[in-house]
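A short worksheet on the structure shown next.
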Amino acid sequence: MRQIQLFDTTLRDGEQSPGCSMNIKEKIDMARQLESLGVDVIEAGIASASQADFNSVRAVAKELRQAKVTSLVRALAKDIDNTWEALRHAKHPRIHLLIPTSDILLEQRLKKSRQEVLEQTAQMVRYAKRLCEDVQFSAEDATRSDPAFLAKVCEAAITSGATIINLPDSMGYSTPEEYANLFRLLRGSVKGAEHVAFSAHCHNDLGLAVANSLSAVRAGADQVECTINGIGERAGNTALEEIAMNLYMRGDVYGAQTNIDTTQLYKTSRLLTAITGVKVQPNKAIVGENAFVQEVGTLPQDTCENQFYEAMRPEMVGLTTSKMLLGKHSGRHAFNERVRELGYSVDLDLSNTLFKRFKELADKKKTVSDRDIEALVRSILAQEIRKSYALERYVINSGNTITPTSSIALTGTDGARVEKVAIGFGPVDASFNAINKIVGRSVKLEEYSIGAVTEGRDAQGEVSVKISSEGATAKGYGLSTDVIEASILAYINAINNLIYETTREEQA
Ligand code: KIV
Ligand code: ZN
């Protein structure tokens, strides 16, 4: 069996997709989980993009001890220096250099000739190699590039010291056969190809990202780049959980395996959903809500009992079969045990707060499900950021014949209490207007989403918001059995995050 390296770019290519941005703490939590999952390489971001990105890449680089940590960088000396400054703290650093190779990108974006790109590749790979032993070179839009030119660029990268050659299907344009042929062609024709690893990086525009990546594996790719839940720009990237399970279940076909601990897949997927608020479609392979649900009677009994349905079991991806529900008589031990089984390691302080919130919820709701517990953990983790404002009370006056009015009282870090009243199109709008008056800044609501954590009239409502103010953006999360309260909490959480991130950036 060949060992396939899994390169996770959830924190870079994934994070670029709408609604998926993460703050530094969320990136560290996610990176830790990716490391426990057994991912070989973690792309932590683009360090040279902004001070906040630099800080996140550096923090992840300092945190991880097993996985390699990399950061994508344009082939420019000053960006490479800056990237290395963030990466050099890593136990296993890798510089990931990018240059486009398709004529369309050369002409429209880079405004450089093929010859100039060839020279820049050689120069900048050499430059990066002086700083870092491990240099990955990516030929952006490789699948739409002239193969002969692409081969020359890859050869220049290899002779200048690149250790991995990545051939991205940046536009999700390729077919499995074409993609495999590209790997065979370059492996067979580029001087020095036998000394380096080749990597597949696919986008899902035509729904073929996983198929293309697996096809590349069959054609000799040594590394596959993917994201958890397949998140990524447009239709997303190759889904890591699908690659891991295909190679786990069908290693006989691919002759390859990964280092992934498949029992951590579900937990990793849930953590990403909890952090970003972006839900997985119910019928998504491996980690979707219905992925292992088989309606009784729709398949003949013998089909259900053997082959695939029997072979791929929910436990393999870490889906616990326990349907034990907790309630108001459940003790601390049972609760902590469930939290641990769901994959969260919480310190004592957090565990006390969590148990208190669980008891409050259990008083309001008959049963507390895993989804409720995950939402509670998420809301507590979301509030962990230093609080500038906390909700003291709110009073809403609303109806179909009056103008909705909200009166909100918040306390600031200095303990001072401020109360303001505002009107709006509805109770939520009125509340957000009142909060804006208190914080005294012009805040714009960019995104607002509301959902029920579970079924039933006593379900908790969860609200995610994204706000912007003076060029900065922040997200917030709120949870309550009252949806107006959940909205207010989410908005205050976003404002606290905004203040925290902007003051941190100013201090950095
Ligand atoms: O899709 C792409 O081309 C990429 C590269 C930057 C690796 O994400
Ligand atoms: Zn990409």
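When both bridge partners sit in the range 2-276, DSSP labels roughly 5% of those beta bridges antiparallel. When only Cα pairs below 8 angstrom with a gap of at least 6 residues are kept, the range 2-276 shows a relative contact order of 21 percent. Once you reduce the range 336-355 and the range 438-503 to the center of their Cα atoms, the two points are 24 Å from each other.
Placing unit charges on each Cβ (+1 for Lys and Arg, -1 for Asp and Glu) gives the chain a dipole about its Cα centre, and among Gly19, Ile408, Gln33 the Cα reaching farthest toward its positive end belongs to Ile408. Residues in the range 407-415 carry Karplus couplings, in order, of 10, 10, 10, 10, 10, x, 4, 7, x Hz; the curve used is 6.51 cos²θ - 1.76 cosθ + 1.60 with θ = phi - 60°, and Gly or Pro positions show x.
Mean residue ellipticity at 222 nm, helices only, the chain: -12500 deg cm²/dmol; runs of at least 4 DSSP H residues each add -39,500 (n - 2.57), and the sum is divided by the number of residues. With the simple model of a label 7 Å out from the Cα in the direction of the Cβ, Asn400 to Ser113 spans 7.3 nm.
Using Cβ point charges alone (K and R +1, D and E -1), the dipole size of the chain about the Cα centre works out to roughly 1040 debye. The apolar share of the surface of the range 320-382, taken as the fraction of accessible area on carbon and sulfur atoms (1.4 Å probe, ligands and nucleic acids excluded), comes to 55 percent. Expressed as a rounded percentage, what relative contact order does the range 170-285 have, with Cα pairs under 8 Å and six or more residues apart? RCO, the range 170-285: 21 percent.
Here the chain carries DSSP beta bridges of which approximately 50% are antiparallel, counting only pairs with both residues inside. Remark: relative contact order (the chain) = 10 percent; criterion is Cα-Cα distance under 8 angstrom and separation of 6 or more residues.
If only the Cβ of Lys and Arg carry +1 and only the Cβ of Asp and Glu carry -1, the dipole of the range 320-382 around its Cα centre is close to 300 debye. Maximal additional length on extending the Gln281-Glu360 stretch stands at 25.4 nm, based on 0.36 nm per residue less the C-alpha distance. A dipole drawn for the chain from +1 and -1 charges on Cβ atoms has a positive end, and of Tyr173, Ile228, Ala422 the residue lying farthest that way is Ala422. Between rounded, prolate and oblate, where does the range 320-382 land on the alpha carbon gyration tensor, with a ≥ b ≥ c its root eigenvalues, rounded for a/c under 1.5, else prolate if a/b exceeds b/c? Rounded, since a/c falls under 1.5. Remark: the range 53-64, residue by residue, has Karplus-estimated 3J(HN,Hα) of 5, 4, 4, 5, 4, 4, 5, 5, 4, 6, 6, 8 Hz, where x stands for each Gly or Pro and the curve is 6.51 cos²θ - 1.76 cosθ + 1.60 at θ = phi - 60°.
Modelled this way, with points 7 Å down the Cα-to-C-beta line, the labels at Ser189 and Leu325 are 6.3 nm from one another.
Within straight-line reach of Lys111, meaning a Cα separation under 18 Å, sit the following aspartates and glutamates at least 8 residues removed in sequence or on another chain: Asp103, Glu119, Glu140, Asp141, Asp146. Magnitude of the charge dipole for the range 2-276, about its Cα centre and with charges confined to Cβ atoms of Lys, Arg (+1) and Asp, Glu (-1), is about 620 debye. Taking Lys and Arg as +1 and Asp and Glu as -1, the other residues whose beta-carbon sits under 9 Å from that of Asn212 total -2.
The values are calculated or read from the model by the stated rules, or taken from the named source; none is laboratory data. It should be emphasised that the depicted structure is a prediction, and the values quoted were computed from it without experimental measurement. Ideal geometry is used to build each Cβ from the backbone, glycine not excepted, and the neighbour counts take in all protein chains shown. The accessibility values were calculated without ligands, DNA or RNA, using every heavy atom of the protein model including side chains. Shrake-Rupley method; radii C 1.70, N 1.55, O 1.52, S 1.80 Å.
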